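Note sheet for the following structure.
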Amino acid sequence: MLKRVDSQKFKEFNFQDFPDKNGRFGKFGGRFVAETLMPLLLDVEKEYEKAKKSAKFLNEIDYYFKNYVGRPSPLYFAERLSKKLNGAKIYFKRDELNHTGAHKINNCIGQVLLAKRMGKKRIVAETGAGQHGVATATVCALFNLKCIVYMGETDIKRQAPNVFKMKLLGADIISVKSGTATLKDAMNEALRDWVSNVNDTFYVIGTVAGPHPYPMMVRDFQSIIGKEAKQQILQLEKRLPNYLVACIGGGSNALGLFYPFLNDDVEIIGVEAGGKGVKSGKHAASISKGKPGFLHGNHTFLLQNKDGQIEDAHSISAGLDYPGIGPEHAWLKEIGRISYVNATDKEALEAFKLCTKLEGIIPALEPAHALSFLLKNKRKFSKKSLIIMNMCGRGDKDIYSIAEHLGMKI
């Protein structure tokens, strides 16, 4: 599981060339949508291709990353936790210190600036854990844009602090009661809204999923995480890490860290939500236990039954509670570039408590999954091992949910 990847095996791949012109990562990805949605996606793709070459657009992103988001985020040596990992050195890429408390704002800044270029005045978004919703509402407040956030009724209950923040920021929260009333269902409704409000609306997708060009765009905006981490680790340790580790829901924080390292000799590990155990049927490990299918406009790994119907996902973490994975992750899994594993609710809670007590950092439940995998496999590391883990969100949003699981009152 932790065997080093032979980077020579991937010399034939130029990871910078993906996706192809059709939005495909190998057989995954693409654009499988209704005819009414296709013109909107083509417009977004056309404008994004222009924006990538625009010095003005790129300078705007750099300005807001530095002066509004607070980038670069630190790379922090977690000394006390490292002692729990057989002496391996673990560094946290501290994107939880970004404005709004997670990595999500990196992507929201990019997409909302793109929406402004296109003359859009109304923004719709979906959210699960609420971090993408808060980030979208924040950037909309900054640029005086109307913001509508679709959120599952289940997630509204377990993410009360973020719901309150979104309302303070002026967003309209629309409760989604269909299906399991979580992230998948919220995304369905946001897509319906976009089709119904073509002229003035831009859909800000929060992860590396959905139809092309969204998986590519979100990855590109989030790759600032890995670009910074590579520069920082070379300054601190004079070498690249042996391992990169991040949690995986849809997969944006993970690809943000991983993408700039894909052509390097670095072992990369994505940690999915194992829920109550992958054999229990109550989990969100879509790449570990799913199979290829179609959802939200792309071809990727999904949790589905023998008839191809999407199955319900489960995780203690609202941000990982999604029955699919970004299509680039599906491709990276298929070619063997990245190892995908899982961690249970219980393991994530234990890692959450340990990180809080040993480092004085209260992590979100999402990165607690990544940390729990490291702790569970501590004997496989040596004192020479150098690890970067993406601390992609802080735990403010989870305090009520965690208190309930721990039998505590706030």
For the chain, what is Rg from Cα atoms divided by 2.2 N^0.38 Å, rounded to two decimals? 0.90
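What's the local net charge at Asp396, with K and R +1, D and E -1, over the other residues with C-beta under 11 Å away?
Overall, the nearby charge balance is +1.
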Span from the segment 218-273 Cα centroid across to the segment 343-410 one, whole angstrom: 18 Å
So for R0 = 45 Å, FRET eff. of Lys121-Ala403 from the Cβ-Cβ r, to 0.05, ends up at 0.70
Roughly speaking, what % of Cα-Cα pairs in segment 256-410 are separated by over 26 Å, rounded to a whole number? 29 percent
Top positive-direction residue, dipole computed over the chain with Cβ charges, set Leu374, Gly281, Thr127: Leu374
Report, to one decimal in Å, the Kirkwood hydrodynamic radius for segment 250-328 based on all distinct Cα pairs. 13.2 Å
Most exposed to least, judged by fewest other Cβ atoms within 10 Å, Arg394, Arg379, Arg117 sort to Arg379, Arg117, Arg394
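In what sequence do Thr136, Thr182, Thr36 fall when counting other Cβ within 10 Å, fewest first? Could you put the intermediate results ahead of the total?
Details: Thr136 31, Thr182 25, Thr36 11.
In increasing order of surrounding Cβ atoms, one gets Thr36, Thr182, Thr136.
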Partnerless Cys - the chain, beta-carbon criterion under 4.7 Å: Cys108, Cys247, Cys355, Cys392
Extent along principal axes [Cα atoms of segment 194-281; Å; largest to smallest]: 52, 38, 18
Which order results if Val124, Val278 are arranged by neighbouring Cβ count within 10 Å, fewest first? Val278, Val124
Check cross-link reach from Lys383 to the lysines: straight Cα distance under 26 Å, and skip same-chain residues fewer than eight apart. Lys3, Lys83, Lys84, Lys89, Lys93, Lys227, Lys230, Lys238, Lys353, Lys357
With +1 on each Lys and Arg Cβ and -1 on each Asp and Glu Cβ, and nothing else charged, work out how big the dipole of the chain is about its Cα centre, in Debye to the nearest 20. 1180 debye
Burial-style ranking of 399-410, 264-275, average other-beta-carbon count within 10 Å with highest first, yields 264-275, 399-410
When the convex hull of the C-alpha atoms of segment 137-192 is computed, what volume per residue in Å³ does it have? 69 Å³
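Every number in this text was worked out from the coordinates using simple rules, so none of it is lab data. If you're wondering where the values come from, they're calculated on a predicted model, not measured in any experiment. Cβ coordinates were reconstructed from backbone atoms using ideal geometry, including for glycine residues, and neighbour counts include every protein chain displayed.
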